Every structure is written in C-alpha cells, then in structure tokens.
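The values are calculated or read from the model by the stated rules, or taken from the named source; none is laboratory data. Note that this is a predicted model, so its numbers are computed, not measured. Here the Cβ positions follow ideal geometry from the backbone for every residue, glycine too, while neighbour counts run over all protein chains shown. These accessible areas exclude ligands, DNA and RNA; they are computed on the full protein's heavy atoms, side chains included. Shrake-Rupley method; radii C 1.70, N 1.55, O 1.52, S 1.80 Å.
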Amino acid sequence: MRNVKVKGLIVSFLALSVVLAGCGSTAKTGTSTDSPSATPAGTTAATTAATPVPVPAAKVSIEYYTYPADQTENNKTLDATAARFMAKYPNVTMSNKNNWQYRNDEIAVKMAANSAPTEFTTWATEGKLLSDRKWIADLTDYLAAWPNTKDLNQTALKPFVIGGKTYAVPIDAYSMTITVNKKLFAAKGVALPPLDWTWDDFTAAAKAVNDPANNVAGFIPMGKGSEAGWNWTNFLYAAGGDVETVADGKVTAIFNSDAGVKAMTLYKNLNDAGVLPKNWALNYTDALNWFNQGRGAMVMCGSGNALNGAINQGGIKADDLAIYPIPSMTKGGKHTGVLGGNYKAVNGMATKDQQQAAFNWVTNEYFTDTYIDSISKQIDAQKADGNKTYVPQLINYWDDNSEYGKKVQAMFAKHDNVYKYAPELSALLDGKTEATYETQAYYAEVANVIQKVFTTKGVDVKKLLDDAAAKVQKDKFDKVKIN
C-alpha cells in the first residue's frame, strides 16, 4: 500500500540492505504500501560490473541518493561504492550531501527549487505523476544502449512504462499474495484449495478450516488503518474494478462500481460466516503476528513477506506454508492483486550528461556476480543463525528465464535453506499498480467502510461505498491539480 513500509526479506543490491517491497507496517505519507526504504543503487564491494553505457567525456557532477544520516554504516558502504564508480568514470564527480528521502508531498517543492538528487528511489505508484510533470527523465534511449535491458523483468518494469517510454528501472517489486498455513488445514482434515483458486474456493477453505474453539480464524484480514483499504483493493482489482479514473484533468472515484460492491460483499459474507478473528481490528503488524502464532489459516501480504516472518520469527516450518495468488472472482479469471515496489529514477531537471552518468550509476552493479555472491553469503549467514530459511523475492529486477536468472536459481539450488515457491505460481500472478492520486485518503475511507461492514448487521454495502466515494471525491480528488 502506498506509504506502508515493507518489512520482509531484506537483501540489498550488493550490500544486503534493500528492503523487499511487499507489505507494510507503518503508514507514512502518500506512498506505496510497500515503499521506499530501498537501497540506493550500487552498494557492494568490487564487482564485475555490467557493460557500461559510455558517459560523455566532459566533466560532470551528480548527487546520489543516500540513506538517512543516522544510517552511518550503510552510507559508509555506499560512499565506498561511489568512490569505485568515480575511479571507473574519472570524469564523474559524485556528492553524497543530499540525503532527502522521496515523499510525494515534497517532490514539487524539491523540483521547483532544483534541490532533488540527480537520482532517487521512488515507488511503483509514482510513474505517471512524475513523468507527466517531467520531474523524471525518459530513460528509453539509455536502456536501448544498455546490453542488459533485454534481461529486465517486464512485470517489474510495467509501472514505469508510460506511453511506450520507460522512466525508471526496478529495484524490487511485489505482488500481493495470500499465505496459507497448511498445517492448520491438515489438523482439521481439510484439503488445500487449488492454486488456481476462485473466491468460492477461498471462502469454502476459510469456512472449512475455521476453528473458533481453538482460536483459529479461517482468514485474517487487516481491518484497521490504511492497511485495511490496501488489503481490500486486491479483491476490487480481482473483480475487474479500479480506484479512480483520470481524464480531462480530473480524478474521479470509481471504487463504488459493481466490482467494488462485489468485493465488499465478499468481506460482508466472510464476516457473516464467522471466519474472521473476533478482534478483526488488526493493523499490518498485528495481522502477521496473529498468523505467526497460528491464530489464522490465511493472511494477505506482499509476495513472501508473511512467509518470511512466519518461518523465521513464528517458527512455523517452511513445509507447512504455501503462497497463493489473490483468488480470481470466477473460474478462469485473472488473479489480479496490487503490484508495488521500489524504483530508481533520474532527475528530469538534470542535464543530459548528468542523466547519463546517473543512469550508469544506478545500473552499474545490476546483473553482476557480486550480487549473486552476496545473496549466497546471506543464505549461509541465515543458516548459521539458527538454521533460518531464506525466502527469495517473487518478482526480481531480472527476468527469471534470463541467463542471469538461471545463474541465481543455480546458486539457490546449492543451498538447503531456500524456500521454494510452487513452480506454477509466477504464471498465475497478475499485478496492477495502486492508484496514483490520494491513495492514502482512499485507503483510509475504505477502512471506515470495512469497519462498518464488520460491525453492522444488514448493512447496505452499495450505499456505504457510494458515500465513501462521494467523500473522497469532495475532500480529495476534486482538489487534485493535474497539468
């Protein structure tokens, strides 16, 4: 959800510190549910760098995106990487004085003052906002000259491919999934649903595994805070709905559509069936903690984040857990869920030479053996630390079918503490990015609707959604100014 920080498997690009964008826990202001705490590009020891795109011979200075000032060790590692980069490109001078962390309620001021870094990390939600205002550079030509472009993950790229042009490169990405505790199903003698499941399969499974006598809920939703609206949006998307439309300079709320009514009715039916926790007012952290404690059979989160916590904090065996896509509304439908992630963009106000240098910096250590080696070392470290399990990302910046992707998989195969996803899972995932405008306000208002649905018998779902859409429209969407 925009503005919820992901706390999942943490692996950096070559310094073991990029936060996997998947599910969030602490609501921030206006970003993606799993948003920027990602590492700036280039954070490793010497590496076999990808073939560079030439930087013009003229001297050029750029500011690179750093960590917050209190993260001294991370910044120290990053600065060392910058020193290596400057040794490789002696005409490029890099500055680490600008440690502004991206916020979409500050970017306009930064651009007006020309005080944003030359490159910065942003979220999947921001593509149209930033590209429309020309605050980020069109990277299409740079990517065309970069030999590794063909190996980038097209799903991860999707949020920043706008009008046939590409405006950022992915750091990581997530697609919302549902994590299932197989042991609880087995304890009740309930067969697991098919991976290519539907809302009916999901509801039937929640009812069958539900065990209130033993304090086990069939499904744990996030029912409090903006997380609640973020969770529910996955069912809105699966029903073919959307949050808003943008046309003729106007943002219009449409989440009260027939698709929205169907998605909210699903929540109403789950509540009426008694398959939710009695204390359903759970935020992100609460919901995952309940799942880790075995107090629910299913929970929704981004990619493998819930899985990682359940195994390595909750002590649930990896073999007792499975990741499912968001269920399709009907058989044969798409398993559409929220797609988010962290991205590297280049300042659109920079000179062409600065943009080229920044692109080289951002991509310098992508597709390198050093990154693979760093993951391998982390897997070894997790094994040494109480035999913990490494949970890979579901969506990487590279295409899993590329030669590089195969090298990563070969490295995983050498370890016995790497979680293995069902091979059919990736083909079922269908990601759709979060809304661009006033997403947090939308999530918060939908959370209010959800709470009324969970507390009021015989509630009129359509009226609640109509009222919520009207409120968001008047208070927020009508005030959005689009150039």
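Quick look at the values:
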quantity: Positions within the range 252-303 being among the hydroxyl-bearing types (Ser, Thr, Tyr), in contact with a helix residue (DSSP H, G or I) (Cβ under 7 Å, 6 or more places away or on another chain) and surrounded by fewer than 24 Cβ atoms within 10 Å (Cβ to Cβ), in sequence order; calculated: 252, 265, 267
quantity: Residue ID - farthest from residue 128 (Cα to Cα), chosen from residues in the range 436-474 that are open to solvent by 60 Å² or more (accessible area, probe 1.4 Å), among the charged types (D, E, K, R) and modelled with pLDDT of 95 or more; calculated: 460
quantity: Entirely in the range 144-238, the helices (runs of 4 or more DSSP H) that have 3 or more residues that are in contact with a helix residue (DSSP H, G or I) (Cβ under 8 Å, 6 or more places away or on another chain); calculated: 182-187, 199-209, 226-238
quantity: Within the range 70-95, tally of residues that are of a type outside the set (D, E, K, R), part of a loop (DSSP other than H, G, I, E, B) and open to solvent by 60 Å² or more (accessible area, probe 1.4 Å); calculated: 2
quantity: In the range 369-378, residue surrounded by the most Cβ atoms within 10 Å (Cβ to Cβ) [restricted to those that are in contact (Cβ under 8 Å) with a residue 60 or more places away in the chain and either in contact with a helix residue (DSSP H, G or I) (Cβ under 9 Å, 6 or more places away or on another chain) or on the phi > 0 side of the Ramachandran plot (or both)]; calculated: 371
quantity: Identity of the residue in the range 96-117, out of contact with any Lys or Arg (no Cβ under 8 Å at 6 or more places or on another chain), open to solvent by 10 Å² or more (accessible area, probe 1.4 Å) and under 19 Å from residue 362 (Cβ atoms), that ends up modelled with the highest pLDDT; calculated: 110
quantity: Single residue of 294, 340, 333 found to be at positive phi and either touching a residue at least 40 places away in the same chain (Cβ under 8 Å) or assigned to a helix (DSSP H, G or I) (or both); calculated: 294
quantity: First in the range 348-361 and closer than 13 Å to residue 139 by Cβ, second anywhere and surrounded by fewer than 24 Cβ atoms within 10 Å (Cβ to Cβ) and of a type in the set (S, T, N, Q), Cβ under 7 Å, 6 or more apart; calculated: none
quantity: Condition check for residue 420: open to solvent by less than 10 Å² (accessible area, probe 1.4 Å) and either outside any strand (DSSP E or B) or under 30 Å from residue 87 (Cβ atoms) (or both); calculated: no
quantity: So residue 350, is it under 30 Å from residue 58 (Cβ atoms), outside any strand (DSSP E or B), open to solvent by 10 Å² or more (accessible area, probe 1.4 Å) and touching an Asp or Glu at 6+ places or on another chain (Cβ under 9 Å); calculated: yes
quantity: Identity of the residue in the range 132-144, surrounded by fewer than 24 Cβ atoms within 10 Å (Cβ to Cβ) and at pLDDT 95 or above, that ends up nearest to residue 396 (Cα to Cα); calculated: 143
quantity: In the range 406-440, residue farthest from residue 318 (Cα to Cα) [restricted to those that are of a type in the set (A, V, I, L, M) and within 19 Å of the chain's Cα centre (by Cα)]; calculated: 435
quantity: Count of residues meeting criterion [modelled with pLDDT of 95 or more and over 18 Å from residue 207 (Cβ atoms)] in the range 251-280; calculated: 14
quantity: Pick from the range 366-393, criterion acidic (Asp, Glu) and assigned to a helix (DSSP H, G or I), ranking: nearest to residue 414 (Cα to Cα); calculated: 380
quantity: Scope the range 239-254; condition assigned to a strand (DSSP E or B) and among the aliphatic types (A, V, I, L, M); matching residues; calculated: 246, 247, 251, 253
quantity: Members of the range 379-402 found to be open to solvent by 50 Å² or more (accessible area, probe 1.4 Å), in contact (Cβ under 8 Å) with a residue 24 or more places away in the chain and over 18 Å from residue 170 (Cβ atoms), listed by number; calculated: 380, 383, 387, 388
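For every residue, the table says whether it meets (1) modelled with pLDDT under 85; (2) under 30 Å from residue 300 (Cβ atoms); (3) β-branched (Val, Ile, Thr); (4) more than 27 Å from the chain's Cα centre (by Cα).
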residue: 14; (1), (2), (3), (4): yes, no, no, no
residue: 27; (1), (2), (3), (4): yes, yes, no, no
residue: 31; (1), (2), (3), (4): yes, yes, yes, no
residue: 60; (1), (2), (3), (4): no, no, yes, yes
residue: 76; (1), (2), (3), (4): no, no, no, no
residue: 83; (1), (2), (3), (4): no, no, no, yes
residue: 90; (1), (2), (3), (4): no, no, no, yes
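For (1) within 22 Å of residue 424 (Cα to Cα); (2) buried (at least 17 other Cβ atoms within 10 Å of the Cβ); (3) at pLDDT 95 or above, each residue gets a yes or a no:
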site	(1), (2), (3)
199	yes, yes, yes
202	yes, yes, yes
206	no, yes, yes
219	no, yes, yes
224	no, yes, no
228	no, yes, yes
236	no, yes, yes
244	no, yes, yes
